[in-house]
1. Does S178 qualify as being over 24 Å from L123 (Cβ atoms) and either among the polar types (S, T, N, Q) or assigned to a helix (DSSP H, G or I) (or both)?
2. Would you tally the residues in segment 346-359 being under 18 Å from D328 (Cα atoms) and touching a residue at least 12 places away in the same chain (Cβ under 8 Å)?
3. Looking only at segment 185-235, count how many residues are of a type in the set (V, I, T) and touching a strand residue (DSSP E or B) at 6+ places or on another chain (Cβ under 8 Å).
4. Among the residues of segment 163-174, is any among the aromatic types (F, W, Y) and either touching an Asp or Glu at 6+ places or on another chain (Cβ under 7 Å) or not assigned by TED's automatic domain parsing to the domain that holds L303 (or both)?
5. Please enumerate the residues belonging to segment 61-86 that are assigned to a loop (DSSP other than H, G, I, E, B) and modelled with pLDDT of 95 or more.
6. For segment 256-265, give me the residue count where each residue is touching a residue at least 60 places away in the same chain (Cβ under 8 Å) and either farther than 14 Å from Y281 by Cα or surrounded by 20 or more Cβ atoms within 10 Å (Cβ to Cβ) (or both).
7. Would you confirm whether or not segment 377-391 contains a residue that is in a helix (DSSP H, G or I) and farther than 28 Å from S279 by Cα?
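The values are calculated or read from the model by the stated rules, or taken from the named source; none is laboratory data. Treat the numbers as computed from the prediction; the structure is a model and nothing was measured. We place every Cβ from the backbone using ideal geometry, glycine too, and count neighbours over all the protein chains shown.
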Amino acid sequence: MIQRSCYLRQLIQLRDQDLIKVVTGIRRCGKSTLLQDFKQHLLSDGVAQDAIVFLNFEERESARFTSWEEVYDYVMGLLAPATKRYVFLDEVQMIPHFEKLVDALYVKKDIDLYITGSNAYLLSSELSTLLSGRYIAINLHPFSFAEYVAAFPDEHDSGRLFRQYMNCSCFPEAVTLSKAAPQQEIFYLQSLYDTVVVKDIVQRNSLRKFDTLQRVLNFLFDSVGSVVSPNNIADTLRTATQEPLSHNTILRYLRYFSESYLIYPVRLFNIKGKRLLASNYKYYVVDLGLKNILHTNSPTTDLGHKLENVVYFELLRRGGTVYAGRTDHGEVDFVVQQPDGTRAYYQVAYTANDEKTLKRELSSLKNIRDSYPKYLLTLDYDTSNLDGIQRLNVIDWLLKFKDTYSSAY
């Protein structure tokens, strides 16, 4: 098993802080395992077993709870008096009026509370209003490349693993299946896809046009890293299917996909004007293996955008707010804004070995007049510095912090 050290360290740092720790992310990305790992950390640090309650509301044993009051009474009945007590509520959104349960436990000053959810509804519902300023969210993703490498300790060719990583799934269970029964990985992904799309989106929002929803998602999966707008999506699909499709319908679908963590929208940032642009977004898919479900993936096509997708999620893991950049001279793939106001700029290309491609990739970065770091990430081995722009091999860059990810146990 691969311990998610990057995220576990965050929970350790937040321990006993007067905040609700909310771990979010798509289904099966490892939220329950992360909480179990943190529970084991508490036990090894001397916390008594009867000072910890762990409830997973997707388990059959939890189906007996029909109200938040029942859960509250059950939790309080299990906890022995202690200086500090720890409560873990996994997939808490399964409980009706879960926000009242969370609030009732939070106000107990001797309880340190941790919750998870597989839908951003958790933070867009009454909970965010009720607990404004009293929670901190940790968004969990499937395996990073460093974690993926740690899952294959007998494979020492990082280039081969990276090609596999770009075209297969990085969900923890899918990675395990790919080693033991590779033919089962696609069935697992299909099941996961059906659960997220049908249960978390279609059923939750009482949608009737499933085929239309799937066509929009297919469009987004095919447009990874491209700037798109709701009007662009609607016009393209109307032309292809002759089906009436409104701007507002597309907006709703985009919100549903984002709330279920299937796709991540990235806003455009005008670098010269230092302002966000209102309309268009780029979209990235949480797991490139999911493209296989819609038959839009090929190992040899769209490599630049797939690489961009990988880099985007790595930048999210490393902290800061990630934007797509715009200049008067073109696009910068990513602008990372840190809380202290500093920035870094990243351009991503599969290769930039020929002079024409290199000139194109560097042009937007060269026209940025501030002194913040600028990087060109490629699969080339050239690591030269060109007029203050640092070229880096993307595999080396992805593995730079591997010691924070990879401790296996």
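1. So S178 fits the description; yes.
2. Within segment 346-359, the first condition is being under 18 Å from D328 (Cα atoms), and the residues that meet it are 346-347, 359.
In the following step, the residues that additionally are touching a residue at least 12 places away in the same chain (Cβ under 8 Å) were identified as 346-347.
The number of residues fulfilling the criteria is 2.
3. Qualifying residue count, segment 185-235: 3.
4. yes
5. Answer for segment 61-86, where residues must be assigned to a loop (DSSP other than H, G, I, E, B) and modelled with pLDDT of 95 or more: F65, S67.
6. Qualifying residue count, segment 256-265: 4.
7. Let us first name the residues in segment 377-391 that are in a helix (DSSP H, G or I), namely none.
Checking segment 377-391: not a single residue is in a helix (DSSP H, G or I) and farther than 28 Å from S279 by Cα.
Residue-wise test of (1) over 21 Å from L277 (Cα atoms); (2) buried (at least 20 other Cβ atoms within 10 Å of the Cβ); (3) outside the structural domain of V310 (by TED's automatic domain parsing).
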position	(1), (2), (3)
V216	yes, yes, no
V224	no, yes, no
V227	no, no, no
T236	yes, no, no
H247	no, no, no
L251	no, no, no
